[in-house]
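Quick note: the coordinates plus some simple rules give every number you see, no bench work behind them. Note that the structure is predicted; figures quoted are calculated from it, not measured. In this analysis, Cβ positions are derived from the backbone assuming ideal geometry, glycine residues included, and neighbour counts consider all displayed protein chains.
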Amino acid sequence: HARSITFKIKKSGAASGVVSSTEDPAFTDCAAAVPVKIQRKTSGGWKAVGSTTTDASGSYSKKIKDKPGKYRAKAPKVALNAGVDICSADTSPARTHKH
């Protein structure tokens with residue numbers, strides 16, 4: 001099942017977004033209780049700086065350290081219903097955080 005993830009970050013370091021099914025009709029099981037990793041771009045690549053889980057509607061939020069740089073959110077591939085349903089992985093576009 002295809003899905004997408006959005007990402008935004010406030011000046012305070014509050015990261016948030018939504019994981020949603022991109023299918024019609026939406027397969028909502030791919031949006032609820034999804035593990036989300038917040039990542040920051042470093043010289044060595046993308047480093048995890050926080051993790052959280054989406055609520056029943058697919059929304060998530062996480063307070064991270066207020067450091068300038070590029071950030072993104074990532075939802076991993078997940079198998080549901082004994083592997084019958086596979087929710088695809090998705091990565092949000094990167095956002096630049098400034099003070």
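For the chain, what does the relative contact order come out to in percent, with C-alpha contacts under 8 Å and a separation of six or more?
31 percent
Mind checking which lysines have their C-alpha under 19 Å from Lys62, skipping anything on the same chain fewer than 8 residues away?
Counting by Cα, and skipping residues close in sequence, Lys62 has these lysines nearby: Lys8, Lys10, Lys11, Lys37, Lys41, Lys47, Lys70, Lys74, Lys98.
³J(HN,Hα) across the range 7-21 via Karplus (A = 6.51, B = -1.76, C = 1.60, θ = phi - 60°), whole Hz, x for Gly/Pro?
My calculation for the range 7-21 gives 8, 9, 9, 8, 4, 6, x, 7, 9, 7, x, 9, 9, 9, 7 Hz in order.
Rounded to the nearest 0.05, what FRET efficiency do Lys65 and Ser43 give with R0 = 25 Å and r taken as the Cβ-Cβ distance? Could you check?
Between Lys65 and Ser43 the formula returns 0.90.
Testing the spin-label approximation: label points 7 Å from Cα along Cα→Cβ at Asn81 and Thr53. State their distance in nm.
Label-label distance for Asn81 and Thr53, simple model: 2.1 nm.
If you work out Rg/Rh (Cα atoms, Kirkwood Rh) from the coordinates, which of (i) 1.00; (ii) 1.11; (iii) 1.09 do you get?
Looking at Rg/Rh (Cα atoms, Kirkwood Rh) for this model, the match is (i).
At what distance in nm do the modelled label points of Ala94 and Glu23 sit from each other, each positioned 7 Å from its Cα along Cα→Cβ?
The modelled label-to-label distance comes out at 3.2 nm.
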